[in-house]
Each structure stands twice: as C-alpha cells, then as structure tokens.
Amino acid sequence: MDKLLRLFAGITLVILPALCTAAGLVPEHCYLESGTLGGTFDHPLDGPLNMFTLSFDGKIELTDKAQAYVICDGKEIARAVSFKTDNYIGPNRTQGWVYINFSGEYLPLGKAYKLYVAPGSIRLSEDLTVTNDELLLTFRVPADLGEPNFSPFYNGCQIISEQCISCTLGLEALPVGNPEWELYREGELMRTYPADINSDWNLGSAFLDFGEKLHFEKGVNYRIILRAGSACGRREDLLSREAVLDFVGGYEEPLQHPSYYRCSYFDEHPAVINEVSFYYSSPIMLIRDKPIYLVEIVYNNSEATYNILSETIPTLTQEGEDWVLKADFGGIVPKSGKGFSFLIPEGTIVNAEGD
C-alpha cells in the first residue's frame, strides 16, 4: 500500500507542473484583412488599416480586457476600435475567428509595424483559464509598388519581334492620369504608347501593346520606359517605380525605311534656297529637335567631306495623301561650281505605322 501511495504521489508531481505551464492560446493563422487573397503577414499592407483576422483551434470568446494596437518605432500609433468573434463548428473540429477592427487610417509608407494584442484578450469558451499570451505580429507598409518585372525579358536581352510586352508590379495598381510607354531607338524617342494598367490576384500589371507585331533591327539598341508615378496602389501616395527594359534587336530580314519620293528643290532649282519640301507617300513622324542640313560637298583625294552651310528643325504636314517634311534653310545662295546636298541624318524620321 505504501508503495502504491508513493507511486501515485510521484505521478501527481509530474502532471501538476505540466498543467501549470500549459501554453497560451496561440493563433493558427494571421491575416491583414479577412478574405484578402495573399493577405498573410508576409504580404505588405498596401491599403488602409481596417482589420486584422486571427484564427484559433477551438471555440473562442473575448474577455473584458481585450485590447489591441499598432506599434511603430516603439510607440503606439493606432488603437483597435472594436472586436468581433465568430466560431465555425465543423464535422471534425471547431475553428474560432477574431476580427480586430481599426479606423481605416493610412500608415506612413516604407516602415515596419507590429500588431500588439494584449494578454488575456481572447480565451477558449470550453476552458476559460486558457487565454492568449501577449501577441506581437510584425507587418510592413511598402514604400512603393515594388520592383518592375518584365519576365521573360531582361535588360540586355535580344528581342526579334513582339506585339505586346508586359511588366508586373509587386502590388495591385491603378493608372495615374494617362500614363504612356516611351519607345527609344539608339537613345532617340521614337514613339509613345498608352500604358494599360490593371490588377489581378494581388498583383498589378502594365501592358505595352504596339498594335501590331514590330520587328526590331538586328544589333540596334532599344529601350522602353514607363515613368515613375505612372501607377498607384490602393492608396494614392503608393506609387510605381520607373520601369525600364533595355534590349537589342535581332530581326535580320530587310526592313522598309522611310524615304521621300520627291523633293521640291529639284522641281525648280531656285537660285536661293529657302524652304524645301520632301514628300513621303506613307505616314511618318519627326523625332523632336532633330535638325536637317544643307551642306557643301568637299572632295579631298576622292574622299568627300561636308561643310554645314545651314541647319534647321523641320516641320511636318499632311497634304492630301502625302506627308510633307518642310525645311527652311534661310536664303542660302549656292556657290557656282560647288556640290551641295540636303542631309537628313539617320533617326530623324520614323515610320508612324509598323516597323
């Protein structure tokens, strides 16, 4: 009998300490907002501070000591305005949910925060002695929409032909104003295209649609840019970074470059060169601030060099079915016996449609 009593006492000494040090009520899952896809604490809070959701194993309820607030740099900056619980009773277990509601304030960008839930705020309904310990859950508010991603393209890649190029933003996005993509060829702005900015599955996208498949000349350097601030997140001050893709053309087949079919100077051969018109039969555009030249041709040992006599920024008009480039050289009188040429540098004119 004495041996049995000693054995029972030993078992009691082992069990009682275990009961006294039982773990507190710990959440199974934590969400920035209920029902938000990807709204775990690993996902940045890119909208207003509305609600946090905690789930527990078992039926739960709030105590009269329930309180929660958000901390930044050791200071309380926002306090919960209300709590709500909900318990789902399933065939195998009961899952409890706590909704911690805030006032919809916007937290400063680019900082780390902690949600503090005071100990004893939540307890198990079946065992009121089991309550939560202090909870400190870290989350962050992003500084911007994140690093733009052009996958499968990357800076320095080769692109032969494409109709669309897309750029993924790290968070949901909306357009700011009327954003545009800029297309550069060898450092010169060629065209602009509307940027189609939208969101899906918690990510934003900015699409560039050329309208048709474009061929990019082999060995030529291209760049597309969507300027910083072209998109915003679920809050207006959460803006996009500049999105830039540098690539090299890879199309090897011959391309149709814009060329004029008529020049007004050769119709009349005036003694004084003022305005000269060049006629194009297909739509063209001028590259801004690119001059064209009137040059004197100088031969030295059969090698030609050019002396610039006049330069001017051309203008472009449409006359009937023609696109007319006009250049005013300011009344130059060619010297007798000398050779002259009109020089339109490469990259001054770009096709308005197609390649």
Problem set entry | region 52-75, residues that are over 15 Å from HIS29 (Cα atoms), in contact (Cβ under 8 Å) with a residue 40 or more places away in the chain and either under 32 Å from the mean Cα position of the chain (by Cα) or not in a loop (DSSP other than H, G, I, E, B) (or both) | GLU61, LEU62, ALA68, TYR69, VAL70, ILE71, CYS72
Exercise. Are any of the residues in region 101-112 open to solvent by less than 30 Å² (accessible area, probe 1.4 Å), assigned to a strand (DSSP E or B) and either closer than 21 Å to PHE207 by Cβ or polar (S, T, N, Q) (or both)?
Worked result: no
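The rows are residues; the columns are (1) open to solvent by less than 40 Å² (accessible area, probe 1.4 Å); (2) of a type in the set (Val, Ile, Thr).
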| residue | (1), (2) |
| --- | --- |
| GLY250 | yes, no |
| PHE266 | no, no |
| ASN300 | no, no |
| GLU303 | no, no |
| THR317 | no, yes |
| VAL333 | no, yes |
| PHE340 | no, no |
Problem set entry | Residue in region 6-26 that is at pLDDT 90 or above and in a loop (DSSP other than H, G, I, E, B) present | yes
Problem set entry | region 176-202: number of residues that are assigned to a strand (DSSP E or B) and either more than 12 Å from the chain's Cα centre (by Cα) or surrounded by 17 or more Cβ atoms within 10 Å (Cβ to Cβ) (or both) | 16
Exercise. Out of (1) open to solvent by 50 Å² or more (accessible area, probe 1.4 Å); (2) under 14 Å from the mean Cα position of the chain (by Cα); (3) closer than 30 Å to LEU115 by Cβ, the odd one out for ARG140 is which?
Worked result: (2)
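The values are calculated or read from the model by the stated rules, or taken from the named source; none is laboratory data. These numbers were taken from a predicted model, which means no experiment stands behind them. Using ideal geometry, Cβ is built from the backbone for each residue, glycine included, and neighbour counts are taken over all protein chains shown. The accessibility values were calculated without ligands, DNA or RNA, using every heavy atom of the protein model including side chains. Shrake-Rupley method; radii C 1.70, N 1.55, O 1.52, S 1.80 Å.
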